[in-house]
Structure formats: structure tokens, C-alpha cells
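Just below is one structure, and these are the notes that go with it.
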Amino acid sequence: MTARPLRIGAGAGFAGDRVPPAVDLVERGALDYLVLECLAERTIALGQQRRLADPELGYDQLLDKRMRLLLEPLVRTGTRLLGNFGAANPLGGARRVLTCAAELGVPVRVAAVLGDDVLAAIDPAAPAWEDGRPLGEHGELVSANAYLGIDALLPALESDADVIVCGRVADPSLFLAPMAHHFGWRPDDDDRLASGTTIGHLLECGPQVTGGYFADPPFKLVPNLAELGYPLAEVCADGTAVVTKLPGTGGRVDRMTVGEQLGYEVLDPTGYRTPDVVADFSTVEFHEVGTDRVRIGPTAGRPRPDALKVSVGYRAGFRCEAEISYAGSTAVARGRLAGEVVAQRLAGTGLRLAVSLIGVDALHGAGPGAAGRPYEVRLRVASVAASRELVEAVGEEVTALYTSGPAGGAGVRVHTEEVIGVVSTSIPRAAVRTEVVPVGPVGSQ
Amino acid sequence: MSRRLLELAHARAGDKGNLVTVVLIPYDPADYPLLCARVSTERVRRQLGGRAVGGVVRHEMANIPGLLFVCERAPGDTVTLSTGLDAHAKSVSSALLEMCV
């Protein structure tokens, strides 16, 4: 049974990822599992806002779209689906999957993994990792979610669920759980868990390992980027794997794409910490073994941390961003003048302004590109303040540049939104109780 | 002869809270010692300008081979709170590759 590699596809690497490549993986990938990773740091806090407005909401906003395209091929091919698209409401997300399945006439069994929501259990006086200040001093706390590991997911995999919906889970754990379940890895088998975690780390951002976030012509070329294929791993019982993509899709999988993704968002390569294990990425060897095929060797592991990381969302005020464009050989000078005028007009408000020229210094400040003289520039003024009314003055003053600013100002856009800040803390494992709740089955009727 | 990193190496930036990571990988593994010798933490901090105002830590990953830089951003310049255009700091890989070595 374990002679054949386990085939796991990554159908999304963030909440906004494309759906057709995920469908292609299910249709042609002979997958055992499709994993969807849909949560960034503050996605759950934003979902919590929607759930407060409507208790049935708070799950991934693209859930319906993904399920309508994926459920039928998943069931037809016998592929199980696992994903964190439950966001702030895994139970609501699981129910929504059932509703979509019923509308499609597709019979599925769905389970939700609960327990990551620890808002009631955290101590607002505990210091935030980032700045040492008490959590509660940052602002009104709106969400606190523990990063769950494979121990929370394994009971769901042992059930008969076809679709498993969770909220906050460490991204690599979404991939490691099916491996540990399939191969029967023990919870103290640190080297295998670390090896599987490396594979999960390589897949968790979806197409970033198959040629996405990579093209830089003429130095780095990606064939047929428009039809970029998403990755799949063929995992062996010892935790090593081949990372590849479907034939005929765009993109590339080689030492360069794998190398970039191995180092992506890693803070300590010798100690990559997840709820399951501490993986030493400096021990991983990888080799090209065919076209778009890279074999990933074993990773050394150490025992898992005692506590779980918690991501805490808080109300951080409101952000206003306002822009206006200028063109011609004097564009930079007029853009600068417009920025100075806005700053002068807002001087009495106490607002801290970020003023930059897009096309000159908006990304890296007074860095490598700031000396250029582009034909057109876009003035950008942004600020964060405690109240919406206060910060909206930024948009009003940029808009007023039409008549009260330099010549030829064009194309004003203003955007104001609430800001949810995120800080981190930890929680003892014993304070986190997870639970698998089946919400199916329903017939196809 | 001085060359831009862009011609020698490729890079990818990532974000974690108030930190930005950049992994720098030579096209030719034979250039890895050159990168180790020339691309110091101090040079990276200067090259990234306003996007890395705090400490920069360099990790050598000989297995890629590549250099991994972990850089501290300014207080308030986090993914969620930043007033900058590139809140994630995803574009800093391009700034690093403009460095001459």
C-alpha cells in the first residue's frame, strides 16, 4: 500500500489564487489529496468582522466559486480536499460546502476542524512578540487564532470526510497531515515529520514553486506564464518527494524555483518551527531528476515546540490612500509640489503622512531609482489615524488638487478602509482543545 | 570589474510581521563564495534604504546554495499597518539585485 507515492496537489497558495489550475490538478493529477491554503496573517481577523455582522459568514470569500468548480471533479476522481478556507468560521464554511454540493447534486461528506479560535483564552496583559507591549494595549482585540498542527487534523483524516474545512492551521501542517495519516508516521518521528514539513513549505504558496513570483526577463524566463500550472508532490514513505507540475501547463520546476521557495519567509533555516516539529532546512538536498521534476531529500528534525503560536487581530484605526497623476517632462517637479501643498494644508491635523511619487520613490524611498525622470508620475499620500473622519481629510485634500494644485493633475483615486493590526503571542498546548465536527453526509437527490 | 547582482544572482522577498526576508541565489553555484564575500549585512541594509532600518541577519544556506537575509522594518512598517505602497515589502528583492559587487 505504501509502495506507491502519495500524490498531494496545492490548489491555492493564498486567498486570491486562481481556481482553474486547481481543477486541472484534480482532473489530470491522479491526486490523493488537494490542499487549499487560503489564509494570510490578517485574513482571519477580516473574516471575524464579517462573522460579527452575520454569524453564518466569516469563511473564505471565494469558497462558493472554488466549490462550484472543484466538488464534482473531486468526488468523481476520489480526491479528498483539505483546506483552511473555513477562516474565521470553519463550521459555517463546512455548512456552506454542503449547500454548494447539494446545489450541484454532488454527494460529499464534510467535516470541520474547530479549536483554533482562542480569543476567550488569551491574556490581554501578555506581551506581544513583536514589541513587548501588552496585547490589549494595541487596540480592541477582535480575533486570536492558534496555529494548529497535524494532531488537530488527523482525527478528521481518520473519519470518512471527503472535504475537511479548518481555520488557522500552520500552512505546512495542511500538507504534512495527509502524509502522516497515509504513512502512519509517529508523532515523535522528527526526521520524517521535518521532511514532510519541507515538502509542505515548498507547496504552501502554490505556484510560487512552479514559476510564479519568478519571471524576470531576460534573466529569468518562465514559459507560458499565463497558463502557469500549480504544483503537486509525489511523496514517499520516508518523507522524501518529487515536486512537479502537470504536463502541458506553463511554468517551470527546477533548482532555481525550488531554491527560492525553500528560503521564502524563513527566519531561521536551521530551526523552522511549526506545531509539529522544528525542521532544519539547511540539511535539505534537492536535485533535478527530469523535466520539471525536482527530488527533495530528507530533512533533519527536532521535537516540536511546547507552545502554539497565536495570531491576534486588533482594531488599529483607519487608513486613507489617495493618488493623483502628472505627466510630461516636468511631471516629477509638479508631483513634488503637489505633495508639499497637501502636507502644508494638513499640517494642523496631526496626521502623519506618507508622501511619495509612484514611478520614482514609492517602493524603496530615496533608493536606487529615485533619480529617474519618468514621463508620468503618480503622487501618493497615505495615512493611518484613529478615526475615519480624521483620516479622510487626506483624500479630500488630494482630490482638491484638481482645482487648487499644480497644472495638469489627473486621475484622482481615494480609498479608505479600517485597519486590522496583527501581533503574535503563544498559548500552552493544553489550553487549546480541538474538535472534528462532521456536517454530512447529504445525498445527491 | 564591478557587476550588478542582477546579472549574477536571483532573489525572492518574503514577509513575516515586522520582518522582511530576502533569499539571494547565484545562477552559477561557483559564484556563491563571491556573494558570501561581497554581500555583507551592512551593504544589504544600505541597499534596502528605508525598508530595512533595523538589524539585518545573514544566514548561509550552502545547500541551495544561497544567502538568506532577515531584515527588521521600521516600527509601524508592518504588513498590516504600513502606509507604504508595498506593505508586504515584496519588491525589495529588486532593490537588492541592483547592488554592484
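The values are calculated or read from the model by the stated rules, or taken from the named source; none is laboratory data. Predicted, not measured: the structure shown is a model, and the values here were computed from it. No Cβ is skipped: glycine too gets one built from the backbone with ideal geometry, and neighbour counts run over all protein chains shown. In case anyone asks, the SASA skips ligands and DNA or RNA and just uses the protein heavy atoms, side chains included. Shrake-Rupley method; radii C 1.70, N 1.55, O 1.52, S 1.80 Å.
Name the single residue that is nearest to A:W185 (Cα to Cα) among those in the range A:132-161 being exposed (fewer than 15 other Cβ atoms within 10 Å of the Cβ) and among the charged types (D, E, K, R). Step by step, filter the range A:132-161, then rank; the result is A:E158. Scanning the range B:13-54 for residues that are of a type in the set (A, V, I, L, M) and either within 8 Å of chain A (Cβ to nearest Cβ) or without any contact (Cβ under 8 Å) to a residue 12 or more places away in the chain (or both) gives B:L19, B:V23, B:I25, B:A30, B:A37, B:L48. Filtering A:R433, A:R373 for residues that are basic (K, R) and more than 30 Å from A:E140 (Cα to Cα) leaves a single hit, A:R373. Would it be correct to say that A:A237 is open to solvent by 10 Å² or more (accessible area, probe 1.4 Å), touching a residue at least 12 places away in the same chain (Cβ under 8 Å), under 23 Å from the mean Cα position of the chain (by Cα) and in the same structural domain as A:D171 (by TED's automatic domain parsing)? No: the conditions fail for A:A237. Against the condition over 19 Å from B:T78 (Cβ atoms) and either in a loop (DSSP other than H, G, I, E, B) or in the same structural domain as A:I420 (by TED's automatic domain parsing) (or both), how does A:A161 come out, does it pass? Yes. Can you find a residue in the range A:361-378 that is buried (at least 22 other Cβ atoms within 10 Å of the Cβ), more than 20 Å from A:E418 (Cβ to Cβ), of a type in the set (G, A, S) and within 14 Å of another protein chain (Cβ to nearest Cβ)? Checking the range A:361-378: at least one residue is buried (at least 22 other Cβ atoms within 10 Å of the Cβ), more than 20 Å from A:E418 (Cβ to Cβ), of a type in the set (G, A, S) and within 14 Å of another protein chain (Cβ to nearest Cβ). Can you pull out the residues in the range A:235-263 that are part of a loop (DSSP other than H, G, I, E, B), of a type in the set (G, A, S) and within 14 Å of another protein chain (Cβ to nearest Cβ)? Listed by number, the list holds a single entry, A:G263. Contact annotation: residue pairs with Cβ atoms under 6 Å, 6 or more positions apart or on different chains, pairing a residue in the range A:203-221 that is assigned by TED's automatic domain parsing to the domain that holds A:F14 and more than 15 Å from B:G14 (Cβ to Cβ) with a partner that is open to solvent by less than 20 Å² (accessible area, probe 1.4 Å) and of a type in the set (D, E, K, R), are A:T210/A:K245.
Considering A:R51, A:R76, A:R7, the condition of being part of a helix (DSSP H, G or I) and either in contact (Cβ under 8 Å) with a residue 12 or more places away in the chain or under 18 Å from A:G93 (Cβ atoms) (or both) is satisfied by A:R51 alone. Meeting the requirement of 1 or more residues that are open to solvent by less than 40 Å² (accessible area, probe 1.4 Å) and not β-branched (V, I, T), the strands (runs of 3 or more DSSP E) wholly within the range A:277-321 are A:278-280, A:286-290, A:300-302. Applying the condition of being open to solvent by 30 Å² or more (accessible area, probe 1.4 Å) and of a type in the set (D, E, K, R) to the range A:379-402 and asking which residue is nearest to A:G139 (Cα to Cα) yields A:R388. All of A:A88, A:A102 fail the test of being under 23 Å from the mean Cα position of the chain (by Cα), over 18 Å from A:M179 (Cβ atoms) and touching a residue at least 60 places away in the same chain (Cβ under 8 Å), apart from A:A88. Just so you know, in the range A:423-445 the residues that are in contact with a Lys or Arg (Cβ under 9 Å, 6 or more places away or on another chain) and among the aliphatic types (A, V, I, L, M) include one that is modelled with the lowest pLDDT, and it is A:V442.
Restricting attention to the range B:55-101, the residues that are among the β-branched types (V, I, T) and more than 9 Å from every other protein chain (Cβ to nearest Cβ) add up to 2. Of the residues A:S404, A:S424, the single one that is within 14 Å of chain B (Cβ to nearest Cβ), of a type in the set (S, T, N, Q) and either closer than 30 Å to A:A170 by Cβ or over 29 Å from the mean Cα position of the chain (by Cα) (or both) is A:S424.
Applying a threshold of 7 Å to beta carbon distances and a minimum spacing of six or more residues, or different chains, the list of pairs starting in the range A:264-278 at a residue that is within 14 Å of chain B (Cβ to nearest Cβ) and ending at one that is modelled with pLDDT of 95 or more and in a loop (DSSP other than H, G, I, E, B) reads A:Y264/A:C205; A:Y272/A:V266; A:R273/A:P305; A:T274/A:G149; A:T274/A:A170. Residue check: A:A180 meets all listed conditions (1) open to solvent by less than 20 Å² (accessible area, probe 1.4 Å); (2) within 12 Å of chain B (Cβ to nearest Cβ); (3) under 22 Å from A:L34 (Cβ atoms) but one, namely (2).
Among the residues in the range A:314-335, are any within 30 Å of A:P124 (Cβ to Cβ) and polar (S, T, N, Q)? Checked the range A:314-335: no residue is within 30 Å of A:P124 (Cβ to Cβ) and polar (S, T, N, Q).
For the range B:2-12, a residue qualifies if it is among the hydrophobic types (A, V, I, L, M, F, W, C) and facing chain A (nearest Cβ under 9 Å), and the qualifying residues are B:L6, B:A11.
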